[in-house]
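S.K.: Input: one structure, supplied below.
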Amino acid sequence: MKASIRQITVLTLAAMLAMPAAQAAVVTANNPAGDTYTYAGGSPGGGAPVGTSGWYYNNVRSNAVIGIDADYPRSGNGSVSFTTSNSNAKADIEYLPGAVKVGDLYASTSSLGLFSALQSMSYDWYRDSASTATSNQHPSLRVLLDKDGDLTTFGDRGGLVFERVYNNGGYPV
């Protein structure tokens, strides 16, 4: 079964935590014609920076293909795309300030600010009509929270995740 989800993801989400609500970020492809990243391993591994933007392809597994291509450009020269041929595949695009490589993955070493300063987050997404994945699948929105602000400690971390299929009410992101 081929599952293909095209995401126009102006993921101005976590990157905007420390910025005024009216600002947005445009992320462009490493290669103007587009770029892709894939990792064949079954457990999350593999990661690559998206230029010097602070965004990273991360947690990629099971031959998922993630990248930025020119098929559905938004404000820049393209949009994030995710394609997979199996239900075990996964890939993230994450904004990681002060990122360092830890094994095969990237992790953030600095904070974007206090969660209490967050006023809003949003992202745009588009589902290709040729997709054979179930219609309730779409990109999730995830924010990492760290209670003490020290990203070198891990026991105090949590996260907020919005996935429309699991969050009842259908409220817009």
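S.K.: Filter region 52-69 down to residues that are surrounded by fewer than 21 Cβ atoms within 10 Å (Cβ to Cβ) and touching a Ser or Thr at 6+ places or on another chain (Cβ under 7 Å), then give me how many there are.
M.R.: Total satisfying the criteria: 4.
S.K.: Let me ask something else. Restricting attention to region 111-131, which residues are closer than 30 Å to Pro73 by Cα and of a type outside the set (A, V, I, L, M, F, W, C)?
M.R.: Matches in region 111-131: Ser111, Gly113, Gln119, Ser120, Ser122, Tyr123, Asp124, Tyr126, Arg127, Asp128, Ser129, Ser131.
S.K.: Could you check region 94-117 and list, in sequence order, the residues that are outside any strand (DSSP E or B) and surrounded by fewer than 18 Cβ atoms within 10 Å (Cβ to Cβ)?
M.R.: Selection gives Pro97, Gly98, Gly103, Asp104, Thr109, Ser110, Ser111, Gly113, Leu114, Phe115, Ser116, Ala117.
S.K.: Here's another thing I want to ask about it. Using the structure shown, decide if Ser75 is closer than 21 Å to Gly46 by Cβ, touching a residue at least 60 places away in the same chain (Cβ under 8 Å), surrounded by 13 or more Cβ atoms within 10 Å (Cβ to Cβ) and of a type in the set (Gly, Ala, Ser).
M.R.: Here the answer is no, as Ser75 does not meet what is asked.
S.K.: Condition test on Gly169, is it over 19 Å from Tyr95 (Cα atoms), in a loop (DSSP other than H, G, I, E, B) and at pLDDT 85 or above?
M.R.: no
S.K.: Something else now. Checking the condition closer than 20 Å to Ala48 by Cα and either aliphatic (A, V, I, L, M) or modelled with pLDDT of 80 or more (or both), which residue from Lys101, Lys147 passes?
M.R.: Only one candidate qualifies: Lys101.
S.K.: What number goes with the only condition from (1) closer than 27 Å to Gly34 by Cβ; (2) under 18 Å from the mean Cα position of the chain (by Cα) that Ser110 does not pass?
M.R.: Tallying (1) closer than 27 Å to Gly34 by Cβ; (2) under 18 Å from the mean Cα position of the chain (by Cα), Ser110 fails exactly one: (1).
S.K.: Across region 147-161, which residue is farthest from Phe115 (Cα to Cα) among those that are of a type in the set (Gly, Ala, Ser) and in a loop (DSSP other than H, G, I, E, B)?
M.R.: Filtering first and then ranking leaves Gly155.
The values are calculated or read from the model by the stated rules, or taken from the named source; none is laboratory data. Nothing here was measured: the structure is a model prediction, and the numbers come from that model. Backbone-built Cβ (ideal geometry, glycine too); neighbour counts: all protein chains shown.
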